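*Asks:* I'd like to ask you about the structure that follows.
The values are calculated or read from the model by the stated rules, or taken from the named source; none is laboratory data. Just so it is clear, the structure is predicted and the values come from calculations on it, not from any experiment. Neighbour counts run over all protein chains shown; Cβ positions are idealised from the backbone, glycine included.
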Amino acid sequence: MNKKMNTEDKVRFEAMYLEYQEVLRKIAYKNDVPPDYIDDVVQDTFVAYAHYKYDLDLPPQRKKMLLTRILLSRCMDYHRKMRHMAMEEIEVEDMGENNYFTGFHSQSLPDFVVSKERCQAILEEIDKMPENWREVAVLKLIEGRPTREVCEILKISEKACYSRVSRIRKYFEDLFKRDNWP
């Protein structure tokens, strides 16, 4: 994962950025990302594309589809972050026994994963996974691709995909239950 882009790839990546950034900005705007945050969401999209070393030679439609999926995920992350920040503004003592902040077991998984530190820790855990788990985690759980598409990309059966997703989720559930986990 630490291998840097060569000069030719940098030029191609910059060309891809110039080609798709405007349409991604429009999609982010249509997904209710405020104008002040659109650049951040679009930049995060391209950073994710580079980080996971997606092929720069994908056909234009596939490249656009992949960038759009990553962007939509970043839009959801933005809205979760804003919802989480709004929840923090509510006085905890006014929430009584239904306190949202009492621990993981009272929260849904998406709400638990909101903080930047937790997201970074999850990405680090994914990077440590065996390659066959890591590929499924990125495509299915992070990017939200349909199972059929994940199977086509990885050339695996749906049963294998479901099995890996199940194991990955179990792994994270066990990890989240640890007291010292972020």
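*Asks:* Taking the stretch 1-46 as the search range and keeping residues that are over 10 Å from C75 (Cβ atoms) and outside any helix (DSSP H, G or I), which one is nearest to the chain's Cα centre (by Cα)?
*Replies:* Applying the filter and picking the extreme gives M1.
*Asks:* Would you confirm, using the coordinates I've provided, whether I156 is within 20 Å of D44 (Cα to Cα) and surrounded by 12 or more Cβ atoms within 10 Å (Cβ to Cβ)?
*Replies:* In short, no.
*Asks:* Among the residues of the stretch 142-171, which ones are modelled with pLDDT under 90, outside any helix (DSSP H, G or I) and not charged (D, E, K, R)?
*Replies:* Residues satisfying the conditions are G144, P146.
*Asks:* Mind counting the residues in the stretch 116-141 that are buried (at least 17 other Cβ atoms within 10 Å of the Cβ) and not in a helix (DSSP H, G or I)?
*Replies:* Number satisfying all stated conditions: 1.
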